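Chemist: Encoded as structure tokens, here's the structure I'll be asking about.
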Amino acid sequence: MAASGGRVYGLLRKTLLHTRPLEGARRGCVSGVTAVEVPSTAQGLASSADRTQFIRDHALPFSAFLTDSFGRQHSYLRISLTEKCNLRCQYCMPEEGVKLTPKNDLLTAAEIITLARLFVQEGVDKIRLTGGEPLIRPDVVDIIAQLRKLEGLKTIAVTTNGINLGRLLPKLQEAGLDVLNISLDTLVPAKFEFIVRRKGFHKVMEGIERAVELGYNPVKVNCVVMRGLNEDELLDFVALTEKQPLDVRFIEYMPFDGNKWNFKKMVSYQEMLDTIRQKWPELEKVPTEIDSTSKAFRVPGFQGQIGFITSMSDHFCGSCNRLRITADGNLKVCLFGNAEVSLRDRLRMGASEEELKQVIGAAVGRKKKQHAGMFNISQMKNRPMILIDSPPSLHLPYGRTSRGFYYNKEQIRSFAAVRRLATGWRSLWSLWSTRSGYKDFLVFDFRRTIVNNLVLPLRGLCSGPDPSAPPSQCLNTPPSSTETLTDTHNGSPLSGASEYLTHVDRAGKVHMVDVGEKSSTGRSAIATAVIRLGPKVFSLVQSNQIMKGDVLTVAQIAGIQGAKLTSQLIPLCHNISLSQVKVSLELDAPNFAAVVTAECRTHGKTGVEMEALTAASVAALTIYDMCKAVTHDMVIEEVKLVRKTGGQRGDFQRGEGR
């Protein structure tokens, strides 16, 4: 059967990602042909329009590194310049504020330009500077001027809250700023102060007027619509477009950490459109570019237009061409995803351009077809909107992190959770970041993984002892014809028990049990573990104040991953397909302890007791690891099987108190 087009494309992309480009090539391409540099004569063109036309006429083939497995070409890069902001918008920042990244961990201007140059060489033609509030960064004008020198970059844009815009805009325009997006959620000064928790409404309006005076057309105005707060101003915002070249974009209220998102607060695109059409029934659709995030409309005769950004009710993932670099140097391929990889750390460790491209290509290649639905997103861990363009850092596994933690090979090995070695082209490993409570991933290059001997082999089914194995010292326990295994708790014979240990043959040699002839049945197991934390650690875990992050959430995921890796950790376990793994954690206040409960299910030829026990153990060990900086005086105990069902030996239920 012929392979599908998507499958063929995916294989082609994987091949290109690991093909070393010819010396001197500035940008890879899907065809594998060496890209030709844009002639330096482009620098001599005076106007932005002339430069844009020159670049369009000399377009380079698009890079495979920035093309994902669904064929989306990522030509738009958002770079956060800072996490700081001079406003405190309710939908963007938690009321209590956010913990900012230390200054030394933020990207320098030189690092920003280095990364921007690499992305532009690979095909990015639009860069948007965001924050936080980008215009509070002192060197923002110089950064724009440096970006303007990059050959191939068509558009430089800024998203700002407008507070400093009127004062800075002439210098920004002179430096090369092409496009402006200004956030404004209300036209009522008192309501503005309530929403942003600061004064400044008149400064924002002055900034918009200044942009129009300086010839920006359109001036884009972003308005997040929230029910009960500003949905009654929809018509007033549309009216602004009658006499001015404004593009007012209404944004559906999106869930991020700390903004107390609720479905009832969200006003959908369709509801907004219906409201506007009641006043202007002649409202007409405006054609947009295929990768536009905004559904554009115009009232006939109006100078400007309106748009709707429908991330919640009608996502536009299929045409997404955006990537994000955070203020502390993380690459984020999806706004609503929590998987990130640090480019800053690679830069500071002296990574070559090729190594950086491999990391970027791997991250883009893992981008999902679309983000989760709105209700799932609201339950996912993601950072506050103020930090979305600057997520928590992922540190590389070699060397010192900003918090002083060291990771060595053995620690990485213990964290290893995901491995893909089927085709041998590369291996993906995931590592939980334990900073600020976020769960993130690092990708390790296949070659580095092999060189450092970190790859754990996948275990398959085994039919018995290997006759070629060398002699070994084994437990010699020849069975007695009258010997019967019993339940140690009540002394009764176990139903269907064999007359000898199943993993030891009659010659006393250890081997893997042959399950080939067994019938597949439903099987389940529940195991528990207790870790006694002590009063101090218990209090910190309970209030989620452990510096490494959200202890219980990380332990829960670690337990699930542990269950999946049981056959790699326990030598004689079969590699089975788990249909379900549940790990739950409860805090036992009277005993200052955490209780782990792990449940595993499968439909197969062997049981899942070991998977449940491994899950409970790994979750408990993860709690210990995350809290040991506070104290080592913790005890893991009572790791036990509570119940199991299915199999030849029948069901097992541990009695109360045992």
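Chemist: For Lys265, give me every one of the lysines with a C-alpha distance below 17 angstrom, ignoring sequence neighbours fewer than eight places off in its own chain.
Modeler: Partners found: Lys191.
Chemist: Any chance you could look up the accessible area of Met512 with a 1.4 Å probe, heavy atoms only, rounded to 10 Å²?
Modeler: 10
Chemist: Treating only the Cβ atoms of Lys and Arg (+1) and Asp and Glu (-1) as charged, compute the dipole magnitude of the range 525-593 about its Cα centre; round to the nearest 20 debye. List each step's numbers first, then the result.
Modeler: On the way: 5 positive and 3 negative charges, 24 e Å.
Rounded to the nearest 20 debye, it is 120 debye.
Chemist: Using DSSP to call loops (not H, G, I, E or B), can you name the trypsin sites (Lys or Arg not before Pro) in the range 595-648 whose Cβ has at most 15 other Cβ atoms within 10 angstrom?
Modeler: Values: sites: Arg601, Lys605, Lys628, Lys640, Arg643, Lys644; in loops: Lys605, Lys628.
Loop-located and lightly packed - Lys628.
Chemist: For a protection proxy built on the mean count of beta-carbon atoms within 10 angstrom, sort 131-140, 207-216 highest first, please.
Modeler: Working: 131-140: 21.0, 207-216: 18.0.
My ranking of the peptides, most packed first, is 131-140, 207-216.
Chemist: In debye, nearest 20, what is the charge dipole magnitude of the range 186-298 about its Cα centre with +1 on Lys and Arg Cβ and -1 on Asp and Glu Cβ, if you could check?
Modeler: Details: 18 positive and 18 negative charges, 84 e Å.
Its charge dipole is roughly 400 debye.
Chemist: Just how large is the dipole of the range 528-658 about the Cα centre, in debye to the nearest 20, putting +1 at every Lys and Arg Cβ and -1 at every Asp and Glu Cβ? Walk me through the numbers before you get to the answer.
Modeler: Details: 14 positive and 12 negative charges, 61 e Å.
Magnitude of the dipole: close to 300 debye.
Chemist: So which lysines can Lys640 reach, going by Cα to Cα under 20 Å and dropping same-chain residues fewer than 8 places off?
Modeler: Within reach: Lys564, Lys582.
Chemist: Could you list, in their original order, any pairs among Lys103/Lys536; Lys126/Lys295; Lys103/Lys369; Lys605/Lys644; Lys285/Lys367 whose Cα atoms are separated by more than 26 Å?
Modeler: Details: Lys103/Lys536 31 Å; Lys126/Lys295 20 Å; Lys103/Lys369 35 Å; Lys605/Lys644 14 Å; Lys285/Lys367 31 Å.
Pairs exceeding 26 Å: Lys103/Lys536; Lys103/Lys369; Lys285/Lys367.
Chemist: In what sequence, highest mean first, do 141-150, 608-617 appear when ranked by Cβ atoms within 10 angstrom? Present the calculation step by step, with values, prior to reporting the outcome.
Modeler: Details: 141-150: 17.5, 608-617: 26.6.
The densest-packed peptide leads the list: 608-617, 141-150.
The values are calculated or read from the model by the stated rules, or taken from the named source; none is laboratory data. Keep in mind it's a predicted model, so treat the numbers as computed, not measured. When we count neighbours, we look across all protein chains shown, and the Cβ atoms used for this are built from the backbone with ideal geometry, even at glycine. The area values use the complete protein model at the heavy-atom level, side chains included, leaving out ligands, DNA and RNA. Shrake-Rupley method; radii C 1.70, N 1.55, O 1.52, S 1.80 Å.
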